[in-house]
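Have a look at the structure below, then the notes.
Each value in this text was obtained by applying a stated rule to the coordinates, not by laboratory testing. Here the structure is a predicted model, which is why all the values come from computation and not from measurement. Note that we place each Cβ from the backbone using ideal geometry, even for glycine, and neighbour counts take in every protein chain shown.
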Amino acid sequence: MYQIDKDRVRKILVDEMKFPEFDVDLFLKDFPPLHDSLSSAVEQWLQDRTVADIVVEGLSIKDVMRKRRSHFLAAIRDLNILLDESIPAERRQRFKETLEKPVYYR
């Protein structure tokens, strides 16, 4: 399992991307270990903010970001759930269906 460097991520999100500190700390507090297959995408993003074209269960990071209107790290966290074999297959499938549906805001 891959552990993100929370200090490095926090610095990027707060200093560079100007996210509120409280929101970043809350997001990172319980950020899970990631499946090793996602580590290269995270490392690439940490290096230069490039979003890699990784596909999990037919969903790419960019698909999830666009459909769910989410940040790269939120998309990675969500795709990680699809790789977690400790979660029953039926629950992972329902979650995948959720990730495939666009989120609309008023």
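Structure notes:
- Restricting the stretch 1-67 to trypsin sites (Lys or Arg not before Pro) in coil, as DSSP defines it, with at most 13 other Cβ within 10 Å: LYS18, ARG49
- All lysines inside 28 Å of LYS11 as judged from Cα atoms, apart from same-chain residues fewer than 8 positions distant: LYS29, LYS62, LYS67
- Structural descriptor for the chain: relative contact order 22 percent, calculated from alpha carbon pairs under 8 angstrom and at least 6 residues apart.
- Annotation note: GluC sites (Glu not before Pro) in the stretch 49-104 located in DSSP loop regions with a Cβ neighbour count of at most 12 within 10 Å are GLU85.
- Under the Karplus curve 6.51 cos²θ - 1.76 cosθ + 1.60, θ = phi - 60°, whole-Hz ³J(HN,Hα) for the stretch 2-11, x wherever Gly or Pro sits: 9, 9, 6, 7, 4, 5, 5, 4, 4, 4
- Computed from the C-beta positions of ASP63 and ASP36, the FRET efficiency with R₀ = 22 Å rounds to 0.55.
- Label-to-label distance, ASP84 versus LYS18, with points set 7 angstrom from Cα along the beta-carbon direction: 3.4 nm.
- Note on the stretch 1-69: the alpha carbon radius of gyration divided by the globular reference 2.2 N^0.38 Å gives 1.14.
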